[in-house]
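The values are calculated or read from the model by the stated rules, or taken from the named source; none is laboratory data. Everything numeric in this text was worked out from a predicted model, so none of it was measured. When we count neighbours, we look across all protein chains shown, and the Cβ atoms used for this are built from the backbone with ideal geometry, even at glycine.
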Ligand code: BGC
């Protein structure tokens, strides 16, 4: 078995039950939580490249851009910290909110957190759409961030808990799927509103209300997960729910595993202190590193700044926004690939293949940009080379979209035992948001200073994370979520952290 392999699917426990339409619909509805996240990722890059928006809120950037007559380095023409703060302030708010979301999710259930997320995001969208000054813009973005913090904390956990083990990957990736649809919708909206004579940016920002409404209304009608009902002492309801989602009255084995997991969980008064105990070290380390690595793939350079990047490569305004639409579409379709294979071939294959594909593209783009702009940043891309760059970027996006994109949310949501699951997921969200913030904030400066070397920088990180996955990330495909300790226990490196009694939770093992 490969070094990182854990127990094989064959050793995984199988519970009775089938995949019911009820569970599929519940997961699809919950996954719409990804829409608000995605819409926001996709909208800000386009809006910050619209002249009217820049002239109104960031006149200094506007003036600099208009005066960039070729004497200035192509690498630096968009560098401005206020502008990047607009994009990235949201992620700081999301980071803080995810900690509050952890307590809400644990005490009141996953569904309440999702509803809160949707409503707060809605207010943020309204404020942004009505903005008349930078303050309204930034406060609006903070509200959007709070909404995202709540949604990203609760939705992946919800999906992992509802899903039957053999479909957990696919259903959980519904979240990432919705994220990519949100990004793509935003790219399209930007393309449309950029043609408007005025207030295009306003329409783009206000339309964030649409995904927020979809998510909020959906969340109101969702059932809570059996795990969460048990966690809150609602045993009978939990059993009924389990029977309903598994489509069989005979849920005895799974239910008693949930009860056992919950009994352990109940003894834990302080999940934040508990997660620091040595026996949770594997989960804690993986939960910190996966979101860090996900951001160090450099994906948000493309997601936030694709239009700016393509403008830098000499594409016209329209063509730049169109190129963002193209990458957005690739992102959606490649996510489908992941849904189809994640429960069949597992998480590790996707991580490793995606990593290698990204490295190749990053080196390609770095060489290409370096050969045209050199270190001075003066030069022009021919149409052919511009298209080649676009193609390489699309292949890179596809690789991310079937590997680190979905797995960055799936794996951390499925590796924690119940007692630390909410806390673990908050760490995942906050590390993710923090590094999204850092990249959002620093990218334009990094491009200005590291020039084409930036692509090698991210490529280097992808090499490191691919090696890390190979050695340290075990396969979690097909393993029931409350049985995950077995995977850690049988791992060549992490095994020593897991006490023997932590794998004996269930009395119903075959
Ligand atoms: C990441 C985002 C990224 C998106 C792109 C998500 O999994 O967390 O930062 O923008 O994928 O599709």
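Side notes on the structure shown:
The rows are residues; the columns are (1) free of Cβ contacts under 8 Å to residues at least 24 places away in the same chain; (2) within 16 Å of the ligand (Cβ to nearest atom); (3) out of contact with any strand residue (DSSP E or B) (no Cβ under 9 Å at 6 or more places or on another chain).
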position: 393; (1), (2), (3): no, yes, yes
position: 398; (1), (2), (3): no, yes, yes
position: 419; (1), (2), (3): no, no, yes
position: 459; (1), (2), (3): no, no, yes
position: 476; (1), (2), (3): no, no, yes
position: 490; (1), (2), (3): no, no, yes
position: 495; (1), (2), (3): yes, no, yes
position: 498; (1), (2), (3): no, no, yes
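- For region 353-368, the criterion of being more than 17 Å from residue 176 (Cβ to Cβ) and modelled with pLDDT under 90 is satisfied by no residue at all.
- Any hit, region 232-252, residues being modelled with pLDDT of 90 or more and under 27 Å from residue 434 (Cβ atoms): no
- Test: residue 424 is part of a helix (DSSP H, G or I) and over 24 Å from the mean Cα position of the chain (by Cα): no
- Extreme residue, surrounded by the most Cβ atoms within 10 Å (Cβ to Cβ), among residues of region 259-270 that are touching a helix residue (DSSP H, G or I) at 6+ places or on another chain (Cβ under 7 Å) and at pLDDT below 90: 261
- Among the residues of region 293-319, those that are surrounded by fewer than 24 Cβ atoms within 10 Å (Cβ to Cβ), away from the ligand (no atom under 16 Å from the Cβ) and assigned to a helix (DSSP H, G or I) comprise 311, 312, 317, 318, 319.
- Within region 228-248, tally of residues that are assigned to a helix (DSSP H, G or I) and touching a residue at least 40 places away in the same chain (Cβ under 8 Å): 6
- Top-ranked residue of region 197-227 - restricted to ones that are outside any helix (DSSP H, G or I) and out of contact with any helix residue (DSSP H, G or I) (no Cβ under 7 Å at 6 or more places or on another chain), ranked as nearest to the ligand (Cβ to nearest atom): 199
- Here residue 349 fulfils each of the conditions (1) within 20 Å of the chain's Cα centre (by Cα); (2) in contact (Cβ under 8 Å) with a residue 24 or more places away in the chain apart from (2).
- Condition check for residue 57: at pLDDT 75 or above and either touching a strand residue (DSSP E or B) at 6+ places or on another chain (Cβ under 7 Å) or on the phi < 0 side of the Ramachandran plot (or both): yes
- Residue within region 422-435 that is within 16 Å of the ligand (Cβ to nearest atom), at pLDDT 90 or above and surrounded by fewer than 19 Cβ atoms within 10 Å (Cβ to Cβ) present: yes
- Of note, residue 172 satisfies the criterion of being in a helix (DSSP H, G or I) and closer than 19 Å to residue 223 by Cβ.
Here is a yes/no grid of residues against (1) touching a strand residue (DSSP E or B) at 6+ places or on another chain (Cβ under 8 Å); (2) over 15 Å from residue 408 (Cα atoms); (3) touching a residue at least 24 places away in the same chain (Cβ under 8 Å):
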| position | (1), (2), (3) |
| --- | --- |
| 134 | no, yes, yes |
| 139 | no, yes, no |
| 146 | no, yes, yes |
| 149 | no, yes, yes |
| 152 | no, no, yes |
| 162 | no, yes, yes |
| 166 | no, yes, yes |
| 177 | no, no, yes |
| 180 | no, no, yes |
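- Residue that is surrounded by 24 or more Cβ atoms within 10 Å (Cβ to Cβ), under 18 Å from residue 437 (Cβ atoms) and over 15 Å from the mean Cα position of the chain (by Cα), where the choices are 124, 149, 118: 124
- Some residue of region 443-450 being at pLDDT below 85 and surrounded by fewer than 17 Cβ atoms within 10 Å (Cβ to Cβ): yes
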